[in-house]
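Shown next, in structure tokens, is the structure this report addresses.
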2 protein chains.
Amino acid sequence: MPLSTAATDASSPADASGEQLIRRFAWQAVDMLDWLAQFGGETDGGVTRLLYSPEWQQAQTALSRRMLQLGFEPYYDEAGNLFGRLAGKQPDSRAVLTGSHIDTVLHGGRYDGAYGIIAGLIAAAYLRERYGQPLRSIEIVAFAEEEGSRFPLTFWGSGNATRIYSADNPPPVRDADGVTLADAMHAAGFGLNRFEPAGRNDWEAFVELHIEQGSVLERERCAVGIVQGIVGQQRFTFEVTGVSNHAGTTPMGDRQDALCGASEMILAVREEAVKFGDPMVATVGQLTVVSGASNVVPGHVHFTMDARHPDPTELDLFCRTIEKRLERLAGRSGLSLTSRRWMTAAPIPMNAELAAAGESSCRARGLSFRSMYSGAGHDAQLFAAVCPTAMIFVPSRAGISHSPDEHTEPEQLGAGIAVLADLLHSLAYR
Amino acid sequence: MPLSTAATDASSPADASGEQLIRRFAWQAVDMLDWLAQFGGETDGGVTRLLYSPEWQQAQTALSRRMLQLGFEPYYDEAGNLFGRLAGKQPDSRAVLTGSHIDTVLHGGRYDGAYGIIAGLIAAAYLRERYGQPLRSIEIVAFAEEEGSRFPLTFWGSGNATRIYSADNPPPVRDADGVTLADAMHAAGFGLNRFEPAGRNDWEAFVELHIEQGSVLERERCAVGIVQGIVGQQRFTFEVTGVSNHAGTTPMGDRQDALCGASEMILAVREEAVKFGDPMVATVGQLTVVSGASNVVPGHVHFTMDARHPDPTELDLFCRTIEKRLERLAGRSGLSLTSRRWMTAAPIPMNAELAAAGESSCRARGLSFRSMYSGAGHDAQLFAAVCPTAMIFVPSRAGISHSPDEHTEPEQLGAGIAVLADLLHSLAYR
């Protein structure tokens, strides 16, 4: 699949050598991703970098050195977010920010988060080489944390940068070993007033480049996804109660089997989501048979449901429909059902002008693209509230993420960086 | 429902006062069950007596004193089985044994096991009072263990008495605190060559009276169940493998959701069991979503199936049908399935002559009865291999067992004891 053709839009950094540029970006990206994956790297190609862990500290330290080598001015903020600054000609201008998170899930891949950081460095270094010093400062960020894989908390990095959290007053959460977020942060040297304050309000714009973590771009053979918005979510726990009984002495007709009931409900959730149609998704990801034993008819089962849609009205309608349908299913089987919604996140639109600029870039470069929603949460959703924010996706092979099997082809990596460079150019040089 | 009418069979202990006798047995049973439930008794009416625990020791000690008061000669065997002996006139005769197990499940009821023991004492005391010394010795046994609730091992008590296990060489199993069966046994004073050897071969017959633990007798308004045999069992673990993926970024059509697959399989197991018809029962009692998280499409699920039927051909056919059907379901959803059978127990028939004698007793006493299979395992199944063995059921309210809610009406308790007395009379006095 040819991702790019020679483009001729003189107003962008694309030029007659567009394909060569993407190839150059591609091999720079592969090289830097290989290099970054060694910090927390595992023998099977997986990567684990938990917030403030030794591997995380090694990665941030190495990255700050690399920033310096590439001509960026590196500095940390109090939360441990690492920035590389390319100062603009306008000394007091607001900063054009790009990047993503440096942390990973347990045994994750080498692309999620890391790609957005190294892409920012490659794109900004290219812009400086080709166009010189920007008007506005460009900053590349490696956010401390996004995944929630060490502490039961997500977006700690971007949350500090957007003043949702403060490193001065971390939430009282603990990791699996009982270590508090505050203690882990202090042990890594952050939150002790040694670095720049994390909370700022001088963001001109934020652009995040990320792997899709889904299979839409691959299936539709698109090089680039222009993110219109991040879907809304609702999460529920359903509890099904029947009658626990002896597996040998209870005839089939006398049973009020909570697991059979839950099975009907799980299939109803899937059927209803399919009926609503894309982009509706609904998932039952956890299920517990309380006091389950192979020789006991289950009396009590609980399971979760995660439902997502970009349109809050559709999402509400889906969840209400499911609640009613599961209630009917329970009643029909002599089971009782309780339902508890424990998470609601509204959909978050990305900036329309920046999205349009991303589409223009793709057209100018002859890159196939589609407009799409992100089904996953990203650092970009916190910036959307404080400045114009854009998000660009590149394909994930087989839609796989959070796994050592994460993969994106080099040329696809390069195409994403070219679009990022175009956006940074339009934001920082005009 | 009148359980008994005046009966006139002069060859049995039933007489013109048959109803009064059942009422007398009933109140003796209620009194002794109340008394026995205090050992390991809990505030909500539950009972926990784990093998060799202090509560278990208190119960056996109190029971041995009660045996002495009632005129039985109490003694322990090396495994901790407690016997109360009513010596027969024929000094070297084989022993007619009745009784059940003294141990309970965690937070169990006051009837399971205990009823068979106190019923034996009441029935044998009545026979001696009415007919004098028997020809053959009658022994009442409180088996040390049947439930498998402390150690991962069942039938330790009856297994010792029937030489399947030996207290000299206990299996190397441990309880939840890591204590071995050997250590627990020795701490309680058993297995140290202080008591009678447990393994014997002088059993004339064994009769076990037990609550049904199902709802068949209650539903059919029968006072007594005459057990034809104990059903065969097969237990399986099925593992369903799909693809674990992001709940937000994976469209419904792209999923290989192992939990949706397992849900279809669970409903197929139920449907197939209903199609085979009573007495086929099949239960999925345990299910685990491996690495389950609310925001992850499940990639790996395993669940158990417990299938039971008195006819081994039907049971085999059912299990083979299920394996094929689940295989097809998996294939249709792009999932893979592995199946492992980890338990097979053949059906065990009870002695037909003793069963017929039980039916005659019911007819003579005007007690409604039905012939039935036991869906649960019982100590009687071990004796069936070594001597003529009978098993008598009384109703369980709402089919509930292994719960503080176990209940059997006093008159139902009394009716069962009357039938037991008739069987012991025919075995020990003729």
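Structural remarks
- Taking the range B:119-160 as the range and being farther than 19 Å from B:Leu51 by Cα and without any contact (Cβ under 8 Å) to a residue 24 or more places away in the chain as the test, the residues that pass are B:Glu129, B:Gly132.
- Selected residue [modelled with pLDDT of 95 or more, crowded, with 16+ Cβ neighbours inside 10 Å, assigned to a loop (DSSP other than H, G, I, E, B) and assigned by TED's automatic domain parsing to the domain that holds A:Trp203] from A:Leu382, A:Leu354, A:Leu367: A:Leu367
- Pair list, Cβ under 6 Å, 6 or more apart: the range A:363-385 residue farther than 22 Å from A:Val281 by Cβ, other residue in a loop (DSSP other than H, G, I, E, B) and of a type in the set (Asp, Glu): A:Ala364/A:Asp9
- Residue match in the range A:162-172 (condition: at pLDDT 95 or above and within 30 Å of A:Ile22 (Cα to Cα)): no
- Among the numbered conditions (1) modelled with pLDDT under 95; (2) more than 9 Å from chain B (Cβ to nearest Cβ), the only one that A:Gly334 does not meet is (1).
- Single unsatisfied condition, B:Ser291 versus (1) out of contact with any strand residue (DSSP E or B) (no Cβ under 6 Å at 6 or more places or on another chain); (2) more than 7 Å from chain A (Cβ to nearest Cβ); (3) over 20 Å from A:Thr237 (Cα atoms): (3)
- Candidate set: the range A:266-295, residues that are out of contact with any Gly (no Cβ under 7 Å at 6 or more places or on another chain), surrounded by fewer than 20 Cβ atoms within 10 Å (Cβ to Cβ) and polar (S, T, N, Q); chosen: the one farthest from A:Leu337 (Cα to Cα): A:Ser291
- Just one of (1) crowded, with 17+ Cβ neighbours inside 10 Å; (2) part of a strand (DSSP E or B); (3) not acidic (Asp, Glu) fails for B:Gly377. It is (2).
- Positions within the range B:385-430 being surrounded by fewer than 24 Cβ atoms within 10 Å (Cβ to Cβ), of a type in the set (S, T, N, Q) and more than 20 Å from B:Asp103 (Cβ to Cβ), in sequence order: B:Ser426
- Number of the condition not met by B:Arg430 [criteria: (1) assigned to a helix (DSSP H, G or I); (2) more than 13 Å from chain A (Cβ to nearest Cβ)]: (1)
- Boolean, B:Gly253 is among the small types (Gly, Ala, Ser), at pLDDT below 95 and closer than 30 Å to A:Asp405 by Cβ: yes
- Residues in the range A:57-75 include none that are in contact with a helix residue (DSSP H, G or I) (Cβ under 6 Å, 6 or more places away or on another chain), crowded, with 22+ Cβ neighbours inside 10 Å, aliphatic (A, V, I, L, M) and assigned by TED's automatic domain parsing to the domain that holds A:Leu413.
- Summed over the range A:192-232, residues that are closer than 27 Å to A:Ala79 by Cα, within 14 Å of chain B (Cβ to nearest Cβ) and among the polar types (S, T, N, Q) total 1.
- Total residues in the range B:237-271 satisfying the condition of being within 8 Å of another protein chain (Cβ to nearest Cβ) and either aromatic (Phe, Trp, Tyr) or under 41 Å from the mean Cα position of the chain (by Cα) (or both): the figure is 9.
- Count of residues meeting criterion [part of a helix (DSSP H, G or I), surrounded by 18 or more Cβ atoms within 10 Å (Cβ to Cβ) and touching a residue at least 60 places away in the same chain (Cβ under 8 Å)] in the range B:296-321: 2
- Selection within the range A:272-291 - over 28 Å from the mean Cα position of the chain (by Cα) and touching a residue at least 24 places away in the same chain (Cβ under 8 Å): A:Val289, A:Ser291
- Residue match in the range B:116-138 (condition: modelled with pLDDT of 95 or more and part of a strand (DSSP E or B)): yes
- Hits in the range B:45-82 (condition: in contact (Cβ under 8 Å) with a residue 60 or more places away in the chain and assigned to a strand (DSSP E or B)): B:Val47, B:Tyr75, B:Tyr76, B:Asp77, B:Leu82
- Of all residues in the range A:249-265, those that are surrounded by fewer than 23 Cβ atoms within 10 Å (Cβ to Cβ) and of a type in the set (Gly, Ala, Ser) total 1.
- Residue match in the range B:72-79 (condition: within 20 Å of B:Leu420 (Cβ to Cβ) and either touching a Pro at 6+ places or on another chain (Cβ under 6 Å) or among the polar types (S, T, N, Q) (or both)): no
- Qualifying residue in the range A:188-202 (condition: in contact with a Cys (Cβ under 8 Å, 6 or more places away or on another chain) and modelled with pLDDT of 95 or more): no
The values are calculated or read from the model by the stated rules, or taken from the named source; none is laboratory data. Since we're looking at a predicted model, the values are computed, not measured. Glycine also receives a Cβ, built like all others from the backbone with ideal geometry; neighbour counts cover every protein chain displayed.
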